[in-house]
1. If you check GLY247 against the conditions, is it under 23 Å from PRO196 (Cβ atoms), in the same structural domain as ARG229 (by TED's automatic domain parsing) and without any contact (Cβ under 8 Å) to a residue 60 or more places away in the chain?
2. Residue by residue through the range 181-197, note down the ones that are buried (at least 24 other Cβ atoms within 10 Å of the Cβ) and either among the charged types (D, E, K, R) or within 12 Å of GLU128 (Cβ to Cβ) (or both).
3. Considering each residue of the range 236-246, count those that are within 16 Å of the chain's Cα centre (by Cα) and either surrounded by fewer than 20 Cβ atoms within 10 Å (Cβ to Cβ) or at pLDDT below 90 (or both), and give that number.
4. Only one of these conditions is not met by ALA283: (1) surrounded by 15 or more Cβ atoms within 10 Å (Cβ to Cβ); (2) closer than 21 Å to GLU349 by Cβ; (3) modelled with pLDDT of 90 or more; (4) not aromatic (Phe, Trp, Tyr). Which number is it?
5. Can you tell me which residues in the range 159-177 are over 16 Å from ARG131 (Cα atoms) and hydroxyl-bearing (Ser, Thr, Tyr)?
6. Does THR194 satisfy being polar (S, T, N, Q) and outside any loop (DSSP other than H, G, I, E, B)?
7. Looking at this structure, is ARG101 in a helix (DSSP H, G or I), in contact with a Gly (Cβ under 9 Å, 6 or more places away or on another chain) and under 20 Å from VAL187 (Cβ atoms)?
8. If the Cβ limit is 6 Å and pairs must be 6+ apart or interchain, which residue in the range 259-287 that is assigned by TED's automatic domain parsing to the domain that holds ARG220 pairs with which residue that is surrounded by fewer than 20 Cβ atoms within 10 Å (Cβ to Cβ) and among the β-branched types (Val, Ile, Thr)?
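The values are calculated or read from the model by the stated rules, or taken from the named source; none is laboratory data. Keep in mind that this is a model prediction, so the values were computed, not measured. A quick note on method: Cβ atoms are made from the backbone with ideal geometry, for glycine too, and the neighbour counts reach across all protein chains shown.
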Amino acid sequence: MTTVREHEPNRRDDETAQHPAVPQSAPPRFPQGAVAVMGRQHPTQRPSGYSELQWNVAERIVEGVPISRLDGTEKNSRVHQAVNRIQARLGVLTVRATAFRLLQQMVMPTPGPYDALDLDPVTRAVWEGLRWDILDVDLIPELAAALSLPEGQSLSTGAVESALARLTDEFQTTRHGLIRIGWAHHVLTPDQSTVPPVLDRVAAAPPGAGAWNLSPAHRRALALRASGRDVATCAKADATTSDTIIGRLSVCRKAAKVRTQRALVHCALRDGVLLRPAVRGGADPTPEQWLVWRHLPLDVPDDALPTAICARTGLDGTTVRGRLHDLRIRYRDDCAALYAGWKYGVLDESTPADPGSPARTVRPGGTCADSPALNGPTEGSTC
């Protein structure tokens, strides 16, 4: 595992300054007494289950100290392992969500309370959204897509980034440091959730309640791969190397007892290791498209997938390869196509990944029939 990193700029940089300003009249600067959240509301003792090191690391996270500035966060260090264990205990993947959950579960004492701040709608919405367990690589575009102004106006990524830059500059802290300050000023509250809203497009899939005894680093790799990013892009998003991502995905495959990344993503959604998208309409596949899509999770090598689908559906090889090509053009990656299959109701818990399992499927319209493969391929079926 590599260094846990959270991209946390403290001040507006030249790139940020190029974005358009927040599309609201600029609110007055925060009162001087509201800028710093000092001390604790009450003294507390280290909770059971947390080592002294984990307690100290958790305290620094809530205080907003950049993870890179903690002593010993290099690969496999004790501090790095402490961060991973804290996140695993809390069921989150990001430092921002870690800070929120530490306060929500009262592991760390809550600051304040201080007077509520007079915030414009954009700033309040963005600040509240920081608690969502969205990987940093997706944070700004996902906040822009998920948040809306009171009159239904959408936000641009520039507006979101400007609001974040102004907050971190005003309070002289990191993005995860804003969690504690927002808690003190009633922007964030205990009844809120770290689970992000379900959006139409696929970002890094948020973690679910299921567990294969994976570390947060492994879960991040799985979440990024489920979004359709290739290994190199996953590595860049998690500030690590391609070899590290490949190794983490290999561990995930062993936990899921599968051989391919297609089957891995499907099983992670089936078992709740990744949060399932809300089912919605709109894909409207033809019966042939539906059958091929339905069998995309089969745990066979990619070059053997068309033959396996032919054997289980009775479709001819030309049709199967054509429908697979269509899916890969539309979604650019098999893992992204799998995630979309769950979103559109083509895939569900009953979809098998095991190529040796019975090929009984529910066809469009709700009819249930055995695949022709149970009685041999249909006449003219070739692969």
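1. no
2. If the condition is that a residue be buried (at least 24 other Cβ atoms within 10 Å of the Cβ) and either among the charged types (D, E, K, R) or within 12 Å of GLU128 (Cβ to Cβ) (or both), then GLY182, TRP183 are the ones that fit.
3. Qualifying residue count for the region: 4.
4. Checking ALA283 against (1) surrounded by 15 or more Cβ atoms within 10 Å (Cβ to Cβ); (2) closer than 21 Å to GLU349 by Cβ; (3) modelled with pLDDT of 90 or more; (4) not aromatic (Phe, Trp, Tyr), the one that fails is (3).
5. SER162
6. no
7. So ARG101 passes the test.
8. PRO277/VAL198; ALA278/VAL198
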